[in-house]
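Structure first, then comments.
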Amino acid sequence: MTTSVADVKAGTVHAAVEIAAPPAAVFRALTDPQELETWWGHPEMYRTHDYKIDLRVGGKWSAKATGGGQESEVRGEYLVVDPPRLLECSWEPSWDQYRRTIVRYTLEPILSGTRLTVFHRGFAGEADCKDHAEGWERVLEWLQRYLVGARKTAVS
C-alpha cells in the first residue's frame, strides 16, 4: 500500500510504500540510470530518459521527461548518499523555474523487504505541494510494480 500526504502549511510531502525487495535493490532502482528509465514514468503520462548521475555528496544529477508533446527537465545535487539506507538530493524542475526543494529517501529493512519513505520539503505554494503528493504516490506505485516484477522474473 502506498500513502502520500501533503502538509500544505508546512510545505511538505510525506509518502511511503512497502516493497517486497531488499533495500539494496530499492536503492539501486533509485540511483541507476538504466533502472530509472525502465520504471519512472508511464506511457500515457510521461517517460523519463537521459539520466545523468554522479552519485556522491555534491554530485549532480539530471533527467529529462517527455509526455504530452512536451519535454521537461529535473536536476539537482546529492546532499546525502548512504547506501542502502538514505539518499537526499535537491529537486529543481524546469516546470517550476528550477525552484529548489529537497527530497529525502529513507530505506528501512522490514520482514517483507523494504519500507521506503519519501520526505519532500520546501514547497512555497499549496497547489504545488498537493500536486507533488499525488505525483509521489504514482511514482512509488511504479517503483513497487517494477521491483516486484523484477524479483518475480529473477526467481522464475
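Read-outs: derived from the displayed coordinates by stated rules, not from any lab. Small disclaimer: the values here were computed from a predicted structure and weren't measured. Cβ coordinates were reconstructed from backbone atoms using ideal geometry, including for glycine residues, and neighbour counts include every protein chain displayed.
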Two pseudo-spin positions, 7 Å from Cα along C-beta at W95 and at M45, lie apart in nanometres by 1.0
Treating only Lys and Arg (+1) and Asp and Glu (-1) as charged, each at its beta carbon, one finds that the chain has a dipole about its Cα centre, in Debye to the nearest 20, of 340
The farthest towards the positive end of the charge dipole of the chain, of the residues T117, T66, V5, given +1 on Cβ of Lys and Arg and -1 on Cβ of Asp and Glu, is T117
Here the averaged projected area of the chain, based on the convex hull of its alpha-carbon atoms and given in nm², is 9.0
Checking the range 42-106 for trypsin sites (Lys or Arg not before Pro) in a loop per DSSP with at most 12 other beta-carbon atoms within 10 Å yields R56
Total charge of the residues flanking T66 in space, meaning their Cβ is under 14 Å from its Cβ, with Lys and Arg +1 and Asp and Glu -1, is -3
Residue by residue through the range 61-66, the couplings from Karplus 6.51 cos²θ - 1.76 cosθ + 1.60 with θ = phi - 60°, in Hz, x for Gly and Pro, are 9, 7, 8, 10, 9, 10
The FRET efficiency for V5 and S62, from their Cβ-Cβ distance with R0 = 35 Å and rounded to 0.05, is 0.80
In the range 17-156, taking the dipole from +1 charges on Lys and Arg beta carbons and -1 charges on Asp and Glu beta carbons about the Cα centre, the listed residue (P22, V148, Q34) farthest towards the positive end is P22
Karplus ³J(HN,Hα) for the range 94-107 (6.51 cos²θ - 1.76 cosθ + 1.60, θ = phi - 60°; Hz, whole; x = Gly/Pro) runs 5, 5, 10, 6, 6, 4, 8, 10, 10, 10, 10, 9, 10, 10
Partner aspartates and glutamates whose C-alpha sits under 15 Å from that of K130, ignoring same-chain residues fewer than 8 away, are D7, D96
